[in-house]
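Enquirer: Shown below is the structure under consideration.
The values are calculated or read from the model by the stated rules, or taken from the named source; none is laboratory data. What you see is a predicted model; the values in this text were computed from it and never measured. We place every Cβ from the backbone using ideal geometry, glycine too, and count neighbours over all the protein chains shown. Just so you know, the surface numbers come from the protein's heavy atoms only, side chains and all, with ligands and any DNA or RNA stripped out. Shrake-Rupley method; radii C 1.70, N 1.55, O 1.52, S 1.80 Å.
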Amino acid sequence: GAGVSQSPRYKVAKRGQDVALRCDPISGHVSLFWYQQALGQGPEFLTYFQNEAQLDKSGLPSDRFFAERPEGSVSTLKIQRTQQEDSAVYLCASSLDRVDEQQETQYFGPGTRLLVL
Amino acid sequence: RKEVEQDPGPFNVPEGATVAFNCTYSNSASQSFFWYRQDCRKEPKLLMSVYSSGNEDGRFTAQLNRASQYISLLIRDSKLSDSATYLCVVNPPVDNRLAFGKGNQVVVIP
């Protein structure tokens, strides 16, 4: 079946520009996560949704970062007034749900590679 | 201290050889542990979950040592297609996110 899809795959932005990154999770997946991966590093957690509710946004690096999932399916990560340090790959992941204390497998999309000049 | 520590390498491994690497995690109450594989410019993909009793999947063996808070991965009979970055991943307690290490870069050499 279809996996997690993200668009655009590549984005070049001028410093100060606003960008919007889209994630289409696997159909029926309740949980959605955004991660940021800088060059040579592992992914770092940004935010988590359960359906349309944003339950954890502790990883968002500043108030320039905003995420939403209004209908509990597609999610958008918006970065306002982009800075050079925002250059990274932004990964979206979805999972079916969290069952008891077991972590459901997270399936990752291909990522959006953002370059801020 | 970072939640998950890995020595990034690279680990240059002759084809057919065995390679092993560890990672350590800081939160002793963590419950779920994984190894993800990430190919160059691709997304991470689950390689295997890591259980307390240890588990094996073909040429791959994962071990968990709760007392010392480390996780290991062993790859036997390395293939060229095993060249990738292997990410050690921990699910912190009472949390939904995954905490990743920097990854171990493995290069299998013919």
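Enquirer: Kindly write out, for the range B:76-82 in residue order, the coupling ³J(HN,Hα) from the Karplus curve 6.51 cos²θ - 1.76 cosθ + 1.60 (θ = phi - 60°), rounded to whole Hz, with x marking Gly and Pro.
Expert: 9, 6, 4, 10, 4, 6, 7
Enquirer: Under the rule of at least 5 residues apart or a separate chain, name every residue whose amide H is placed under 5 Å from the amide H of B:VAL50.
Expert: For B:VAL50, the qualifying residues are B:PHE33, B:PHE34, B:TRP35.
Enquirer: Same structure, new question: If you take the Cα Rg of the protein assembly as shown and divide it by 2.2 N^0.38 Å, with N the number of residues, what do you get?
Expert: Dividing the Cα Rg of the protein assembly as shown by 2.2 N^0.38 Å gives 1.02.
Enquirer: If amide H atoms are built 1.01 Å from N in the plane of the peptide, which residues on other chains or at least 5 residues away come under 5 Å of the amide H of B:LEU87?
Expert: Residues meeting the criterion, in which the H sits 1.01 Å from N, are B:TYR36, B:ARG37, B:GLN38, B:ASN104.
Enquirer: Another question, if that's okay. Roll a 1.4 angstrom probe over the protein heavy atoms and tell me the percent of accessible area of the range B:1-51 that is carbon or sulfur.
Expert: 46
Enquirer: Applying the Karplus parametrisation 6.51 cos²θ - 1.76 cosθ + 1.60 with θ = phi - 60° to the phi angles of the range B:3-19, what ³J(HN,Hα) value in whole Hz is obtained for each residue in order, glycine and proline being reported as x?
Expert: Calculated HN-Hα couplings, in order: 5, 9, 10, 9, 7, x, x, x, 9, 8, 10, x, 4, x, 7, 10, 10 Hz.
Enquirer: For chain B, which cysteines have no second Cys with its Cβ under 4.7 Å from theirs?
Expert: If one checks each Cβ against the other cysteines of chain B, B:CYS40 turn up with nothing under 4.7 Å.
Enquirer: Which residues, if any, in the range B:36-77 lose at least 20 square angstrom of accessible heavy-atom surface (probe 1.4 Å) when the other protein chains sit next to their chain rather than the chain being alone?
Expert: B:TYR36, B:GLN38, B:ARG41, B:GLU43, B:PRO44, B:LEU46
Enquirer: Here's something else I'd like to know. Please compute the contact order of the range A:1-106 in relative form: average sequence separation of alpha-carbon pairs under 8 Å and at least six residues apart, divided by the residue count, as a percent.
Expert: Value for the range A:1-106: 32 percent.
Enquirer: Considering the Cα trace of chain B, what is its radius of gyration and what is Dmax, both in angstroms?
Expert: Rg then Dmax for chain B, in Å: 13.4, 44.
Enquirer: Taking θ as phi - 60°, what are the ³J(HN,Hα) couplings along the range B:27-43 by the Karplus curve (6.51, -1.76, 1.60), each to the nearest whole Hz, with x for Gly and Pro?
Expert: 9, 5, 8, 4, 10, 10, 9, 8, 10, 10, 10, 10, 7, 4, 6, 10, 7
Enquirer: Most mobile of B:THR24, B:THR85, B:THR61 per a Gaussian network model of chain B (Cα springs, under 10 Å)?
Expert: B:THR61
Enquirer: So how much slack lies between B:ARG1 and B:SER28, counting 0.36 nm per residue of separation and subtracting their Cα-Cα distance, in nm?
Expert: Extending this stretch completely gives an extra 8.4 nm.
Enquirer: Also, I was wondering about something else. Below 13 angstrom from the Cβ of A:LEU60, what's the summed charge of the other residues (Lys, Arg +1; Asp, Glu -1)?
Expert: Counting the neighbours of A:LEU60, the net charge comes to -1.
Enquirer: I would also like to ask the following. Checking the table A:LYS11/B:LYS79; A:LYS14/B:LYS45; A:LYS57/B:LYS42; A:LYS78/B:LYS45; A:LYS14/B:LYS2 against a 27 Å threshold on Cα-Cα, which pairs fail?
Expert: Violating the 27 Å limit, Cα to Cα: A:LYS11/B:LYS79; A:LYS14/B:LYS45; A:LYS14/B:LYS2.
Enquirer: Express in % the proportion of alpha carbon pairs of chain A at distances exceeding 23 Å.
Expert: Above the 23 Å cut-off, chain A has 23 percent of its Cα pairs.
Enquirer: Of the heavy-atom accessible surface of chain A (probe 1.4 angstrom), what whole percent is carbon and sulfur?
Expert: 47
Enquirer: What is the calculated FRET efficiency for A:GLN80 to B:GLN69, with r their C-beta to C-beta distance and R₀ = 45 Å, to the nearest 0.05?
Expert: 0.70
Enquirer: List the accessible area buried at the contact between B and A, summed over both sides and calculated with a 1.4 Å probe, in Å² to the nearest 100.
Expert: Interface between B and A: roughly 1700 Å².
Enquirer: What spacing in nm lies between the two simple spin-label points modelled at A:GLU71 and A:GLU52, each 7 Å away from Cα in the Cβ direction?
Expert: Reported label-point gap for A:GLU71 and A:GLU52 is 1.0 nm.
Enquirer: Starting from the amide H of B:VAL13, placed 1.01 Å from N in the peptide plane, find each other amide H under 5 Å away whose residue is 5 or more places distant or on another chain.
Expert: Distant-sequence amide H within range of B:VAL13: B:VAL107, B:VAL108, B:ILE109.
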